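See structure below.
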Amino acid sequence: MGIEEVRRDWTRLGERDPLWAVCVAPGKRSGGWDEAEFLATGRAEVDAAVAWLDSLGLGRHWDRVLDFGCGAGRLTQALARHAGEVTGVDISPGMLAAAQRLNAPPNCRFVLNDAPDLRQFADGSVDLVYTALVLQHLPRPLVATYLGEFLRVLRPSGVAVVHVPTQPRWTVRGVLWRFVPWVVLRVAQRVVLRYPAPMRMTRVRAGWLRRTVAADGGQVVADNPDRVSTDDWLCTRYVIRRG
Ligand SMILES: C[S@@+](CC[C@H](N)C(=O)[O-])C[C@H]1O[C@@H](n2cnc3c(N)ncnc32)[C@H](O)[C@@H]1O
């Protein structure tokens, strides 16, 4: 799986059912999300993350923020309350159209980024990179590339908050993710669950993430388990910065 496949799948998901594809939950398919409720989940997540960064002495307001894989702008809008300006980037035009529809505040802008890097952002130009529920859908080599890119675009004092799944839980679906090969799961997602396109999950182990960040000249400065994002995966939120 390369960037072309990621682009194809998320273009289709963004066109067909953007809010459900961002937050997969029972009863939310086919436009089932209430928009206010959807955006409130983003505020809850970002407020908790900002409180955590503040407790670490890493700030609670940033000039330039990059929301990587912004989807429908759920987190972009929430980040805007803590930022001078937020740029949401996404690979899916349909997601970006949904983000525009949801009346984001004026300090948000949304841009298409369908490259396997962040070349449209200059070195050292961002104070906070935020990404959640995104890297998990990418093949591991692309996760490594983007981690390096987050470090490159950060100002020396900047930080990146990176959310990844570390292992499946022992739920029924977690067991399937653990033991059933992806080629089988992707067919099941399409044929049995009728997903508009498959949604891959990539496990990112702590040791691998720390080694990859270090190889790019960065360091992990904090980590925190995330217990709310998915029922079937254990996830961790990391803070990384330039070395
Ligand atoms: C599950 S959604 C999460 C959206 C948002 N982060 C949130 O939590 O509300 C994943 C998003 O990542 C985007 N995405 C996937 N691969 C990407 C890539 N290589 N570059 C930019 N966006 C990407 C998808 O199009 C989709 O909008």
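The table below gives the values:
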item	result
Hits in region 212-241 - residues which are basic (Lys, Arg) and surrounded by 13 or more Cβ atoms within 10 Å (Cβ to Cβ)	Arg237, Arg241
Region 116-137, residues that are under 15 Å from the mean Cα position of the chain (by Cα), within 18 Å of Glu85 (Cβ to Cβ) and part of a loop (DSSP other than H, G, I, E, B)	Leu118
Residue that is nearest to Val159 (Cα to Cα) [pool: residues in region 21-45 that are hydrophobic (A, V, I, L, M, F, W, C) and more than 10 Å from the ligand (Cβ to nearest atom)]	Ala44
Number of the condition not met by Arg7 [criteria: (1) open to solvent by 50 Å² or more (accessible area, probe 1.4 Å); (2) more than 16 Å from the chain's Cα centre (by Cα)]	(2)
Residue list for region 146-172, restricted to those being part of a helix (DSSP H, G or I) and within 16 Å of the ligand (Cβ to nearest atom)	Tyr146, Leu147, Gly148, Glu149, Phe150, Arg152, Val153
Region 173-211: number of residues that are in a helix (DSSP H, G or I) and open to solvent by less than 70 Å² (accessible area, probe 1.4 Å)	13
Residues satisfying the stated conditions in region 96-142, i.e. without any contact (Cβ under 8 Å) to a residue 60 or more places away in the chain and of a type in the set (Gly, Ala, Ser)	Ala99, Ala104, Ala122, Gly124
Selected residue (criterion: nearest to the ligand (Cβ to nearest atom)) from residues of region 49-108 that are open to solvent by less than 20 Å² (accessible area, probe 1.4 Å) and of a type in the set (Val, Ile, Thr)	Val89
Close pairs from region 21-41: first farther than 13 Å from Ala72 by Cβ, partner within 12 Å of the ligand (Cβ to nearest atom), Cβ under 7 Å, at least 6 apart	Arg29/Asp17; Arg29/Trp20; Ser30/Asp17; Gly32/Trp20
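The values are calculated or read from the model by the stated rules, or taken from the named source; none is laboratory data. What you see is a predicted model; the values in this text were computed from it and never measured. Heads up, the Cβs are rebuilt from the backbone with ideal geometry, glycines too, and the neighbour counts pull from every protein chain shown. The protein model used for the area step is the full one, side chains on, heavy atoms only, and it has no ligands, DNA or RNA in it. Shrake-Rupley method; radii C 1.70, N 1.55, O 1.52, S 1.80 Å.
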